[in-house]
Amino acid sequence: MYSNIFLKTIRDGQRSTLLFSAGQLAIGALLALLFPDVAASFAGMIEDLPEFIQAFIGSAAEFATPEGFLTADPYSAISLVIMFAFSINRGMGAIAAEEQSHTLDQLLGNPITRTHVYFQKSLALIADCVLPVAALAVGILIGALIMDYSVSLSGLLQMSLSLLLVSYATGFLALSIGAATGSKSIAIGIPAAIAAIGYLIHILVPLVDSLSSLKYVSILHYYIGDKPFINGITPWHALVLIGVAVVPFLVGLYRFNGRDLRG
Amino acid sequence: MQSNGNPVIKLENLTKHYGEIVGIQDLSLEVTEGEVFGLLGPNGAGKTTTIRLILDFIRPTSGKAAVFGLSPRSDGTDIRRRVGYLPGDFVTYDHMTGATVTEYFTHLRGAGPVKLGALCERYKLDISRKIGQLSKGNKQKIGLVQAFMNDPDLLILDEPTAGLDPLLQYEFQKMIHEEKAQGKTIFMSSHLMSEVEATCDRVGIIREGKLVTIDTVSHLTELSLWTAKITFTQPVPSNTFNNLPGIAVTDKTDDRTYNLSISGEGSMDSLIKTAAKHPIQTFESQHASLEDAFLKYYSGEEPEA
């Protein structure tokens, strides 16, 4: 497991990746198990709510389907927040944490380039995020199987892909900011603020008409604005999410190669 | 094996500023193949900055460095393939064992840990334990082992014996002599004069980022030459030694007891002849250590050659 930086990074985070994945699996299964009962009782309630509230949580018709219900929770709520926390933490840990704990000098004392370290850490981030996202989908399938209803497999795959992409966006923001600055707090703070503000905008836009154009500022719009579980992933939304990961990745690499490392 | 004169490390007017703060200023030196070179100075003098510039962890404000004739910036991997490095205040991955840390670095270096077993035995190091459970001294041993284990051509060691007990410091000194005998080049920083004196061929004394002198250890100690303590049976005039070149009164406890230093052009003969004009009760003299030379540089007095 210690034959390269990629495998060591995966190994170092293995326990927490498994715990996060177990949590996502449990959440997916629990919500899928609850869907038939909760959806039935909520559907009637939602019909009585004003339209703008329905616009936020989903219409009664959507909510009555597993895809609509699961879009609201976990994919718009708890599991999304978990993936933000997971990916930002991993991104920050890649370079900034190693630098601040004074092991980066030692690592780079070996015949490897900074670019090599950066790519291996990035590959580890890409690999790390897959398991918790997949575990969530598996949990949903298990719940649906137990409760004997079907879920759109294509929708679930596309929803999972969208969750993976938004996780990469925040994770690579953290990784690249950490690599560019060597600061753990900045590497966590900026992506967390972007995620939190995006979340707030995503919640407020359906409620306040005058804010509607703001939705394009929110990272969540590109993640779930078009409801990939129900409607499939929107290609340009996926491209925006990829861009939010790739552009900082490139800037971070450039800065990491050009700056002084902290002693 | 003696140094053969090929420069392994060459620094030319190397300067590093951190904003307004001077890390090092116009530092020039050469370390030749087979040489043990010590960079001596207190904390904050610029020793670690110099090492980090050599290894391309930080970039110079001006000047240049070359290692094996290569640029640390553009040929860093080729350089580091031949270097064993011990960082100052060595810390490593606490959750890993010594065995997994050495395994990891062996893979990254792509070279077999040919000396691992012998080094562990020498330092009585148990590498099966997690780093986080080790004492500071044992962590430092891990640092030394990983620096030496791949039998590199050049060892760059930043405060190598920090945290080691005297026995292990002695073991380290023996190891440096063995590496030198094999023709290895060693560049180490230290603030321990005894360590440098026992291991290095040449030493550079660095003060506030500037290299104030660079010389062989033997010559540096000669420069500081001798100290003398003379106690007279009765008071003697305080200007007795004033006109003796190279001789200075360093301390005078009373009109009868004088501590003197003899350096550069000063001669023991003239000191004794001058002192002998007065009745002497005791006369003690000893050769100065590198520590005296070092302290002289740090007090701002530069010994005359």
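The values are calculated or read from the model by the stated rules, or taken from the named source; none is laboratory data. Fair warning: this is a prediction, and the values are worked out from it, not measured in the lab. Neighbour counts run over all protein chains shown; Cβ positions are idealised from the backbone, glycine included. What goes into the accessible areas is simple: the full protein's heavy atoms, side chains included, and nothing from ligands, DNA or RNA. Shrake-Rupley method; radii C 1.70, N 1.55, O 1.52, S 1.80 Å.
For the range A:1-28, heavy-atom accessible area (probe 1.4 Å) falls by no less than 50 Å² from the chain alone to the full protein assembly at A:Tyr2, A:Lys8. Think of the range B:67-173 as a dipole: +1 on every Lys or Arg Cβ, -1 on every Asp or Glu Cβ, centred on the Cα centre; then among B:Gly69, B:Gly84, B:Leu134, B:Leu134 lies furthest on the positive end. Applying both filters, DSSP loop and at most 16 other Cβ atoms within 10 Å, to the trypsin sites (Lys or Arg not before Pro) of the range B:201-262 gives B:Arg256. Contact residues in the range B:50-82 by the 40 Å² criterion (accessible area, 1.4 Å probe, full protein complex versus chain alone): B:Arg52, B:Phe57, B:Arg59, B:Thr77, B:Arg80. One Cα centroid belongs to the range B:87-165, the other to the range A:216-263; the line between them spans 40 Å.
If you place +1 on the Cβ of every Lys and Arg and -1 on the Cβ of every Asp and Glu, how big does the dipole about the Cα centre of the protein assembly as shown come out, in debye to the nearest 20? If you can, show how the numbers build up before the last one.
Numbers: 43 positive and 55 negative charges, 106 e Å.
With only Lys, Arg, Asp and Glu charged at Cβ, the dipole is about 500 debye.
If Rh is defined by the Kirkwood formula over all Cα pairs and Rg also comes from Cα, what ratio Rg/Rh do you get for the range B:226-287?
Value, to two decimals: 0.91.
Amide H to amide H, with H built 1.01 Å from N, B:Thr61 comes under 5 Å of B:Thr15, B:Lys16, B:His17, counting only residues 5 or more places away or on other chains. Residues A:Thr103, B:Thr253 ordered from highest to lowest accessible area at a 1.4 Å probe: B:Thr253, A:Thr103. Dipole magnitude for chain B: computed about the Cα centre from +1 point charges on Lys and Arg Cβ and -1 point charges on Asp and Glu Cβ, it is near 740 debye.
Compared with its chain on its own, the range B:90-137 contains the following residues whose accessible area drops by 50 Å² or more in the full protein assembly (probe 1.4 Å; ligands, DNA and RNA excluded): B:Val91, B:Tyr93, B:Tyr104, B:Leu108. A helix-only calculation puts chain A at -24500 deg cm²/dmol for mean residue ellipticity at 222 nm, using -39500 (n - 2.57) for each DSSP H run of at least four residues, averaged over all residues.
Given the rule -39500 (n - 2.57) for each run of at least 4 DSSP H residues, summed and divided by the residues of chain B, what is its mean residue ellipticity at 222 nm, to the nearest 500 deg cm²/dmol?
Dividing the helical sum by the residues of chain B leaves -8500 deg cm²/dmol.
Listed by chain and number, the aspartates and glutamates whose alpha-carbon sits under 18 Å from that of A:Lys215, ignoring those within fewer than 8 places in the same chain, are A:Asp226. As a length-normalised measure over Cα pairs under 8 Å and 6 or more apart, the relative contact order of the range B:226-287 settles at 48 percent. Calculated accessible area for chain B comes out at 44 Å² per residue, all protein chains present (probe 1.4 Å; ligands, DNA, RNA ignored). The convex hull built on the alpha-carbon positions of the protein assembly as shown has an orientation-averaged projected area of 34.3 nm². Entry comment: accessible area of the range A:141-195 is 38 Å² per residue, from protein heavy atoms only and a probe of 1.4 Å. Among the trypsin sites (Lys or Arg not before Pro) within the range B:4-106, those in coil by DSSP and having at most 16 neighbouring Cβ atoms inside 10 Å are B:Arg73.
With contacts taken as Cα pairs under 8 Å and at least 6 residues apart, chain A reaches a relative contact order of 27 percent. For chain A, the membrane-span-like helix rule (DSSP H, alpha carbon extent of at least 15 Å along the helix axis, mean Kyte-Doolittle at least 1.6) picks out A:184-204; this says nothing about an actual membrane. For chain A, the equivalent ellipsoid derived from the alpha-carbon gyration tensor has semi-axes of 37, 21, 13 Å in decreasing order. Considering only alpha-carbon pairs that sit under 8 angstrom and 6 or more positions apart, the relative contact order computed for the range A:78-218 is 38 percent. For the range B:226-287, a simple Cβ point-charge model (Lys and Arg +1, Asp and Glu -1, everything else neutral) yields a dipole of about 120 debye relative to the Cα centre. For the chain pair B and A, the buried solvent-accessible surface (1.4 Å probe, both sides summed) amounts to about 2400 Å². In this view, the solvent-accessible surface of A:Val130, computed with a 1.4 Å probe and all protein chains in place, comes to about 70 Å².
The portion of the accessible surface of the range B:7-216 made up by carbon and sulfur, rounded to a whole percent, is 50 (1.4 Å probe; DNA, RNA and ligands excluded).
Would you mind telling me the share, in percent, of accessible area of the range A:75-118 contributed by carbon and sulfur at probe 1.4 angstrom?
67
For the range B:1-42, the set of GluC sites (Glu not before Pro) satisfying both a DSSP loop assignment and a count of at most 13 other C-beta atoms within 10 Å is given as B:Glu20.
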